Structure formats: structure tokens, C-alpha cells
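The structure appears right after this line, and notes come after that.
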Amino acid sequence: MHIVPDRVKQGSTNIIQNMDDWRRVHLSSMSDPDTFWLGITNELIDWQTPPTEGLVGAFHSIADNQVSWFADGKLNATISCLDRHLLTHPEKTAILWEGDEPDDVRAISYRQLHSDVCRFSNALSSIGVGLGDRVIIYMGMVPEAAVAMLACARIGAIHSVVFGGFSAESIANRIEDSRAKVVITMDEGLRGSRKIPLKNTVDEAVQSVSGIETVVVLKRTGGEISMTEGRDIWWHDICQNMDDSHEAVIVPAEHPLFILYTSGSTGKPKGEVHVHGGYITYTAFTHKTVFDLREDDVYACVADVGWITGHSYIVYGPLANGATTFMFESTPLYPDAGRYWDMVERHKINIFYTAPTAIRALAAKGDNFVEKYDLSSLRVLGTVGEPINPEAWDWYYDVVGGGRCTIVDTWWQTETGGISISPIAPATPVIGGSATLPMPGISTALYNAEGQRLIGPAEGLLCIEHPWPGITRTIWGDHERFVNTYFSTIPGLYFTGDGCRRDEMGYHWITGRVDDVINVSGHRMGTAEFEAIIIEDEAIAEAAVVGFPHEIKGQGVQAYLIMKNPSETYSEDLAKRLNLMCRKSIGAHAKVDYFCVIPGLPKTRSGKVMRRILRKVAEGDPSNLGDISTLADPSVVEAILTSKRY
Ligand code: PRX
């Protein structure tokens, strides 16, 4: 256990300074959530009509009604992110951007960001985007991605950012599901000097679906692309004659701010809906509290805006808090494995937030890359996205943090909107691998598979008991799926899909997903998504995909294949073909690491695949397969155990 270093405590004005504060604040958030959150939102957020109502609804009645927070209030989240800062610190850097090349740096002040967003808001209005319209954003990590998000929000449109690694088919699915009418993209992305053909991918997506009226294209590399007349327009052209002032459209608190698609254990990705009032309150509060944000901090989250971490902790939370938020276009390994630490030194970064995958990959490159830089500006180190193994945690703490910083291991999800279990930087003693304690407003509960609540130290299914302002309100267009996905496992509670151990101190140790979701390098994917693609191949009769522990990526992907022709075996051609299909259908991050041809899947007599057996074998833990007596054909287990993986 590490107590909080003095350097982290000194000068803090956090509402939670020590564990007594934590207990008091957490208790007040539980005993009177309405008063607690109304107090927080009225302090942190600019409301045009301040709310008097807190929570309406409950998890046990969520099938009948969505929950709401602050429903009688009116606002626009971008006023809190932009306009109000013009009164107090217009020249402060809002976005500090570093491009693919280290010398390509831009510092954008709050005044400039406000102008850029206003201009683009006017541009979007001029092409007919209005209240409630959906807009897909498919861009690299450039400041204009944040401008596009904020401009949509400002006019009351609903953005849906699609991570730049996703394929044309994935974009098309999202266009169809959200019924978007505009796509905002750029000619090419740039990562590690590699060009990513974003506009070409959008062209392919838009051709295959109907409904897209306009594609707005930002020029980044000047690479050759084709522009379709009457549909495609350049960002700079559309903005050219636009006014740089724009009055934000005031919306009710529950008006959708964005839809973000995420993978689940079944079916297509789900469009999680987040709303102006609750989301901006929760992200601002957690960002300020967890990281112990100070006025002059340079805060860097090196995630991508295509994922929820980028939404909540690069764009909305930090800007609502008037922070300087760093945005990074490149990769941690370009031009070499010292890139992050070089940036920390040059920009004097105080708070640095990344994922365990990156930490493991960088630790493997050796300490030299860290030690040559002056990292004395660092105060708080964050991690998110996957469980962090103790070795990686220790390296982050000792080598990067030099023992002077604290680590906040922040557990949360696309669905939770913001950090839900985490240390609070100046207050919480930390232990490598534990996300420690729930945030104010979050009451966790552990259940066993039989639906019994576990008390005290225990390991079980991680649930949350009561609604908090940041929770996703529904799945876009499918509230029934929302209810079935999250509220049916343990009726009346939100089930996270994660397993968790709680120790004697009440600290939480996330053990990973207990459903059929895999987490590869922090990228969340459904095994069912892989399976649906693989069985499209003419040679494949059936397939089952599972995750297995991977040293760097956290989890790898293993596919079990049953061939139509039983004499056919594994070949490199087959592997290439299947991986190409996954890449084309999902995106560049969807890759099967190992294939394993087996004669049949382990099915029960009722036809259900016992995925547990496949998982255990892939994990290299075949000694503990559990009860296999209900299998229709127990002999397949022997075949699975002896089959080779390629
Ligand atoms: O399994 C948990 C893991 O990431 C899942 C959520 O993924 P996503 O919605 O893509 O959001 C990722 C960024 C918030 C969770 O169900 N996860 C996230 N943070 C942690 C984690 N697992 C362990 N420790 C964490 N700190």
C-alpha cells in the first residue's frame, strides 16, 4: 500500500482531501443524492435555467421509464465548456495539440476555440443540420475533431464519433442505426508517419447506405481524394464566410448530447445515449476530483476521441473545468518509445492519463527511454481501460512517477459516462492493481451467479445500485435492449459485465469481463461480432471466439473453427482470409491472434456452447474445466485439448 506522496497533497483544494472526507462525501451522496448532485451541478455547470429537480426514476422501474437528472433545468453543455471561460481566462490554452511530428504543436486559447466552434456551428446550420439531427464524426486526433463535437452539441445536434480505425462497414452500420445525415471527416489521418485513408473509407461507407446528404472534409495531409459534387464540401470552404459568434441552442437537461457505439456480448454494437445535463455534470465533477485538477495544470489524456475516454476526459470534462487539455495525434512509439516522456518534459505535463497496454508496451522497451527526460512536472498518473497488472503498475509508479506521484486506476465504462471506481488523487492510499473505492454517487454491490448479494470481502458480479448523473440513458432506438442488457441479470440493478473482488478494506479489484466481451489493448469488442464474420466464409461451418491473457495487449483473440469439410485443416491462406474479413467488417483493430481447428464445439444436450471450456483451454488452464457431464458429446473436449493453435 502506498500512502499519498506529500507532493500530491500539497496545495490541493479538493472536496475530498483524506479518507474521512471520502466517507463523509460518499455518505452524503448516498443519503440525499438530489441535494448532493444539485449542489455539484449548480457549482460546476452553467445552467440557463438552473434545475430544482434531481433524480426521477429508478433502476427497478427502468423498463417503464428512462431515469432523468435535473430534468427541469435548461442548458447547453458547450456554454460550460467555452462561453463562460471567456469571462475569466479567454487567453488560457484550452487545447494544447501535438501532431504526428513532435515539432507540430498548436496551442488554442479558449477565445480561439470558442470562435472556431461558433464558426463551425454556423457552418453546420447552413447545411441544414439542426436540433436532434445525428452527425457522424470520423476523424483523426486533430483539434477540429473536438471542434466538430462541440459545434454539433452547440446547435443541439447529436454527434456520434466513430474511431478512425473502424472499417467502412462499421461506419455504414452506425449511419444506418443512428440515421445520420451528415458525416464529418478528413482527407487522411496521420499516425507514426503512416497515412490513414479516412475520406476513402467514408466514401465506401456512404455509398452502401442511404441518408447522408453532406460529407464535410477537413484537409489534413493534402493527400489525393475524390470529392463527390453536390455531397462533399471542404471544411475550410464551408467555414470561410461564417460568423465567429453563435448563440448556443438551449436544450432541456435530458436532450441527447451524443451517441457512442460500444460492443456487447450479443448482436451489433449498441448506441449508448448520453445527455447534456447529467453527462457534463458527472464528467466535470469526476475530472476535477479524481485527478485533483489545479488551475495551472497541463492535463494530458492520450486516448482517442473515438472512445468514451476521449469524449469525457479529453473534451467535455476538462473543457467544462476550464483546463488546458492536451491532444495527441501520434503513437507512443513514434519516433521512439520516449515520445510520451519527451512530451511531458517539453509541455510540463502535470497529469498524465493512459492505458495499461501502453504502459506494458513502453515498460518492455526499457527504462532508458524514460530516464533521459525530466518528468518532475508530473503529479498524478492515471490508468484506464483494462485491469493493470502489478508489474506494469510498479513500473508506472517507480520509473515514470519516480515515487513522487500517485496513480489513479480509474474503472468505468462507455455506459457509466465517467469514472465510477477510482482513487481520489490527494486522498486515497493506493495499491497496484486495485481501482480502490467507488466515486460519490456510486454504490457498488457484488452478486454471485445465483443472484445472491455478497457481503464483506468477496468476489462476484459487479453491479451498481442507484442511478448517477452520468449513466447512459438508453440504447439509441432500443430501450428494451437497454433494459435486457444491463438490468435483467440482477433485476433492479445495473450489471456492469465485469467481475470484481472486494477486499477487507472495501477496495475493488476488477477481474475483467465475465460476459462475451473482450478487451484487446483497451479496445472493446464482442466475440459474437467476430463469429458472425467468420462463419460467412464458405469453408467454415461453425466458429467460437474467446479471449485469452496477452502479455502486452491485456487480451488476445482466439478463434475455434469447425470446417464444413472435416478433412480440411488450418492453412495460412485461411487465417489471412478470415483476418482480412474481420478487418474489413469491423476495423484495423480486429485481429484473431490464434486459430484452432476442432471437430466440433462443446455443446450441451440443449445445444448451448459451453464457452467456459473454450476459454479455459485458450487461457492455458485446461486442468480446471468444471462439470462437463452435461455435454452432448464429451469426447470433443479431448479433441479440443489436443488440437494445435496457429
Ligand atoms: O472491463 C472493464 C474495462 O473496460 C470496460 C469498459 O470498456 P469501454 O466501455 O470501452 O470503456 C473503456 C474506458 C472507460 C469495463 O467493463 N475497464 C475499464 N477501466 C478499467 C477496466 N478494467 C479494469 N480496470 C480499469 N481501471
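The values are calculated or read from the model by the stated rules, or taken from the named source; none is laboratory data. Treat the numbers as computed from the prediction; the structure is a model and nothing was measured. All Cβ positions, glycine included, derive from the backbone under ideal geometry; neighbour counts span all protein chains shown. These accessible areas exclude ligands, DNA and RNA; they are computed on the full protein's heavy atoms, side chains included. Shrake-Rupley method; radii C 1.70, N 1.55, O 1.52, S 1.80 Å.
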The range 593-641: trypsin sites (Lys or Arg not before Pro) falling in loop per DSSP and having at most 14 other Cβ within 10 Å: ARG605, LYS608
Accessible surface, the range 507-646, averaged per residue in Å² (probe 1.4 Å): 47 Å²
J(HN,Hα) series, the range 90-95, from Karplus relation 6.51 cos²θ - 1.76 cosθ + 1.60, nearest Hz, glycine and proline x: x, 8, 5, 6, 8, 10
With eigenvalues of the C-alpha gyration tensor scaled by 5 and rooted, the chain, Å: 36, 30, 26
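Using a 1.4 Å probe, what is the accessible area per residue for the range 6-494, in Å²?
34 Å²
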Sum of -39500 (n - 2.57) over DSSP H runs of 4+, divided by residues of the chain (222 nm, nearest 500): -8000 deg cm²/dmol
If the convex hull is drawn through the Cα atoms of the range 518-642, its volume per residue in Å³: 109 Å³
In the range 521-591, trypsin sites (Lys or Arg not before Pro) in a DSSP loop with at most 12 other beta-carbon atoms within 10 Å: LYS564
Label point distance in nm, SER265-GLN240, each placed 7 Å from Cα along Cα→Cβ: 5.5 nm
Total formal charge among the other residues, if their Cβ is under 13 angstrom from that of GLN413, Lys/Arg +1 and Asp/Glu -1: -2
Net dipole in debye of the chain [+1 Lys, Arg Cβ; -1 Asp, Glu Cβ; about Cα centre; nearest 20]: 540 debye
Backbone N within the range 342-357 under 12 Å of label point (7 Å from ALA364 Cα along the Cβ vector): 357
Accessible carbon and sulfur surface of the chain relative to its total accessible area, %, 1.4 Å: 49 percent
Neighbourhood net charge (10 Å Cβ-Cβ; Lys/Arg +1, Asp/Glu -1) for ASP336: +1
Spin-label pair VAL105/SER210, simplified geometry with 7 Å Cα→Cβ offset, distance in nm: 5.2 nm
Inter-label distance for LEU86 and ASN42, nm, one decimal - labels placed 7 Å from Cα along Cα-to-Cβ: 2.7 nm
Inter-part distance where the range 430-450 and the range 79-97 are each reduced to a Cα centre, Å: 35 Å
Helical segments meeting 20 Å axial Cα length and Kyte-Doolittle -1.0 threshold in the chain (DSSP H): 110-126, 276-290
Potential extension, ASP503-ASN624 segment - 0.36 nm per residue separation minus Cα distance: 41.1 nm
Two-site FRET efficiency, HIS2 against SER443, from Cβ-Cβ distance with R₀ of 25 Å, rounded to 0.05: 0.45
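Within a Cβ distance under 12 Å of MET30, other residues only, what is the Lys/Arg minus Asp/Glu net charge?
-1
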